[in-house]
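In what follows, a single structure is set out as structure tokens and then discussed.
The values are calculated or read from the model by the stated rules, or taken from the named source; none is laboratory data. From a predicted model like this one, the values you see are computed outputs, not experimental measurements. Cβ placement follows ideal geometry from the backbone for every residue including glycine, while neighbour counts extend to all protein chains displayed. Accessible surface is based on the protein model in full, side chains and every heavy atom, while ligands, DNA and RNA are left aside. Shrake-Rupley method; radii C 1.70, N 1.55, O 1.52, S 1.80 Å.
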Amino acid sequence: MKTPTRRQFLKTTSLVAGAAALGSALPFSAARAAGLTIGFIYVGPKDDYGYNQAHAEGAAAVKAMEGVTVVEEENVAETVDVQKSMESMINFDGASLLFPTSFGYFDPHILALAPKYPDVRFEHCGGLWSADKHPKNTGSYFGYIGMGQFLNGIAAGHATKSKKIGFVAAKPIPQVLLNINSFLLGARTVDPSITCQVIFTGEWSLAVKEAEATNALADQGVDVVTCHVDGPKVVMETAAGRGMYLCGYHANQSPLAPDKYLTGAEWNWANVYTGMVKTVQSGGTIPNFVRGGLAEGFIKMSPLGPAVSDAARKQFTETHDAIMKGNYAVINGPMKDNKGNVIATAGQSFVETDVALESMDYLVDGVIGSTS
Amino acid sequence: MTGADIGWWGVPLAILGGAIRVSTPFLFVSLGECLTERSGRINLGLEGTLVFGAMSGYAVAYETNSAWLGVLAAAIAGSMFGLFHGWICKLPRVNDIAIGIALMLFGMGLAFFFGKPYIQPVAPDLPAFEFGAWSSLPQMQAALKVNVLFLVGIVLAIAMAWMFRATRLGLTIRVVGDSTDSARALGINPDLVRLLATGAGGALAGVAGAYLSLYYPGSWNEGISSGQGLMAVALVIFARWNPINCFWAALMFGGAGALGPALQSVGVSQGYYLFYAAPYVLTLVVLVATSSGRGLLASAPGSLSITK
């Protein structure tokens, strides 16, 4: 038999105490009466100019809706901590819909709690949910932000003079690899000789290392940089200080360096979250597997900056419109990875909705870097 | 910028630049801790002091639009933490290590609490000297962009070494650190000396934080410190309580930390987690190489609670 956790113990004892003496005076039962309670959990601070801020802006939009109580917790590590946070939200705040937003929360943490709380809905950002493996009360949602990095790449391809663009990445997970590959492939639509140097920092938020990585890229002659870390502020400021052009990520960072900022791939979670909450409020069920891109309003692009040339603007707009029509493919065969393995044969292409892209484990030819 | 291709030369350049850029916080915290430990007390709370210094420095710099006022504010905030630590440790039967850990958590919590509104705004940066202006290579210019605080740190290290060796003040601190009883016999108030030494050490740790938030990487967020304050405490032991050695140790840590990104940038990308461990591996190697059974901790202040 499993030893009960402190929270379960507290829950049981407080329930007993509540039934015996306090009745509905306990705060958790009061919270339960207020309609739908939704919990958001972030891995970092919710105003980090990046990933967590994008989600927190979505949560703020949900908070403004009728009949909804939002509880939030930030700086929750991808460890057993998140299980405690989720259990606390379920048991004490009465949350029935949870958005644990970080990639590492899914396996094993959400998967451990979902069977225990069948009435709670766990919506996870970025995890690869599959019907035969994972509980029905868990779901996965994500946006095709690789398309945004592809558009970033087009702006970068026009702006680079050294034909070297750079990418500061946190960890080699599929979403990050897709972003790196898309960024390069976008630039290569402008000039096939462009290469992309990637540096992995190993963690989602390591300010000094991100600054060092950006400096190392500058030292190698890279003149346009983007990133996939939780808070892009350090990368953007360091890169602007070294005279590089910037492509943003997660949120709009153009206020940090308006004349160097080309464009950026941004999340639009407000749209996604309010949509999901409306579905639940009207008695419906959120699909287990939710995906969307530019066309569905899951992602958006930052307005083009003053450094973007007319030619770049034209190609950017044309490609943007083509992506809006759907079924756009970034990876078109024949294509090899940067170790020489074939990833797409002639005529084969992976459109943005292809789930195969979500288990990407390679860097395409032209990316300088390694996944391990 | 001109895209001069320097290939592998980027690695030594990055280590040089990284040593200068990354070492400053290590240098200030370790000098502060060196001073405190020389007086016979350990302040493990410097990580919290550093984070609070980073926050208060950034906040004040943003509100007043002056980076130097930010540094001043960080120093004052840091000395408050140091004095607080020193004051509590004056009370009978208080363990300075436990208080240090409590203050570390307290400082970080307080910094996160007050720092919320300052994550987004952009504060002015500290100025830097362009020592690389003679070179036509942008890489060299970037590597030799030296912040004023780094130079202040060098001067401070030399001054502190001189102070310990040749001045009455240095002697007083050393006496207190080596033997509380002798200090009392000489008519010195050990508690007062330790209080002031801990306060000054805290001020230096606060300045280290201000360097992080106001120069490199140059913004305030909750992940700004990656344990510099804690590592610097170990660095002092590693430097054998010698301020000049603290400087070399800080440089070495900074340079080793730059190795990982620099190697990836020239295409050595396999096993980058291993390169990121370089500073720690280096510390272990040097520690093993420089210790001997007999000479171990010989230069440690006698009244330090780890040697008692």
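Every Cα-Cα pair in the protein assembly as shown was counted, and those over 50 Å apart are 18% of them.
Classify region A:248-348 as rounded, prolate or oblate, taking a ≥ b ≥ c as the square roots of the eigenvalues of its Cα gyration tensor: rounded when a/c is under 1.5, otherwise prolate if a/b is larger than b/c and oblate if not. Oblate, because a/c is 1.5 or more while a/b does not exceed b/c. Across peptide B:20-26, the mean count of Cβ atoms from other chains lying within 10 Å of each residue's own Cβ comes to 1. Going from the chain on its own to the full set of protein chains, region B:206-233 has these residues losing 40 Å² or more of accessible surface (heavy atoms, 1.4 Å probe, no ligands, DNA or RNA): B:Tyr216, B:Pro217, B:Ser219, B:Glu222. Give me the angle, in degrees from 0 to 90, between the Cα long axis of helix B:46-64 and the longest principal axis of the Cα atoms of chain B, rounded to the nearest 10. So the inclination is approximately 60 degrees.
Among B:Arg184, B:Arg240, B:Arg194, the sequence by solvent-accessible area, most first, with a 1.4 Å probe is B:Arg184, B:Arg240, B:Arg194. Using the beta-carbon distance between A:Ser372 and A:Lys84 and R0 = 25 Å, what value does 1/(1 + (r/R0)^6) give for FRET efficiency, to the nearest 0.05? After rounding, the FRET efficiency stands at 0.20. Once the Cα atoms are used to define both axes, helix B:96-115 deviates from the longest principal axis of chain B by about 40 degrees. In this rough spin-label picture, where each label sits 7 Å from Cα along the Cβ direction, the A:Asp132-A:Lys163 distance is 4.7 nm. Accessible surface buried at the A:B interface totals approximately 3400 Å², computed with a 1.4 Å probe on protein heavy atoms. At full extension, B:Ile244 and B:Arg165 could sit 27.2 nm farther apart than now, given 0.36 nm per residue minus the alpha carbon distance. Taking the accessible area of the protein assembly as shown, probe 1.4 Å, and keeping the other protein chains in place, the carbon and sulfur fraction comes to 63%. Solvent-accessible surface of chain A, taken per residue with a 1.4 Å probe and all protein chains present: 37 Å².
Across chain A, C-alpha contacts under 8 Å between residues 6 or more apart give a mean separation that, scaled by the residue count, equals a relative contact order of 17 percent. Computed from the Cβ-Cβ distance with R0 of 35 Å, the FRET efficiency linking B:Ala277 to B:Glu63 stands at 0.35.
The helix-based estimate of mean residue ellipticity at 222 nm for chain A, built from -39,500 (n - 2.57) per DSSP H run of four or more residues and divided by its residue count, is -10500 deg cm²/dmol to the nearest 500. If R0 is 30 Å, the Cβ-Cβ spacing of A:Asn75 and A:Asp107 corresponds to a FRET efficiency of close to 0.90.
A simple spin-label model places pseudo-atoms 7 Å from Cα toward Cβ; at A:Lys116 and A:Asp191 they are separated by 5.6 nm. The listed residues B:Tyr276, A:Tyr249, once ranked by accessible area (1.4 Å probe) with the largest placed first, stand as B:Tyr276, A:Tyr249. The gain in end-to-end length when the A:Thr353 to A:Lys278 segment is fully stretched comes to 24.6 nm, 0.36 nm per residue minus the alpha carbon separation.
Using a probe of 1.4 Å, the accessible surface attributed to B:Cys34 totals some 0 Å² when neighbouring protein chains are kept in position.
On a C-alpha basis, how far is the centre of region B:90-137 from the centre of region A:256-275 in Å? Whole number, if you could? About 30 Å separates the Cα centre of region B:90-137 from the one of region A:256-275. Neighbours of A:Trp129, meaning other residues whose beta-carbon lies under 15 angstrom from its beta-carbon, give a summed charge of 0 when Lys and Arg score +1 and Asp and Glu score -1.
Using a probe of 1.4 Å on the protein chains alone, the accessible area found for A:Met89 is around 10 Å². Taking all Cα pairs closer than 8 Å and separated by 6 or more residues, the relative contact order of chain B comes to 36 percent. Classify region A:43-96 as rounded, prolate or oblate from the Cα gyration tensor: take a ≥ b ≥ c as the square roots of its eigenvalues, call it rounded if a/c is under 1.5, otherwise prolate when a/b beats b/c and oblate if not. The shape class here is oblate. For A:Asp119, the solvent-accessible surface with a 1.4 Å probe is about 140 Å², rounded to the nearest 10. For region B:186-244, with every protein chain kept in place, what is the accessible area per residue (1.4 Å probe, Å²)? Result: 24 Å² per residue. For region B:30-131, applying the loop criterion from DSSP together with a ceiling of 15 other beta carbons within 10 Å to the trypsin sites (Lys or Arg not before Pro) yields B:Arg93. The 1.4 Å probe gives accessible areas that order A:Ser282, B:Ser226, A:Ser302, largest first, as A:Ser282, B:Ser226, A:Ser302.
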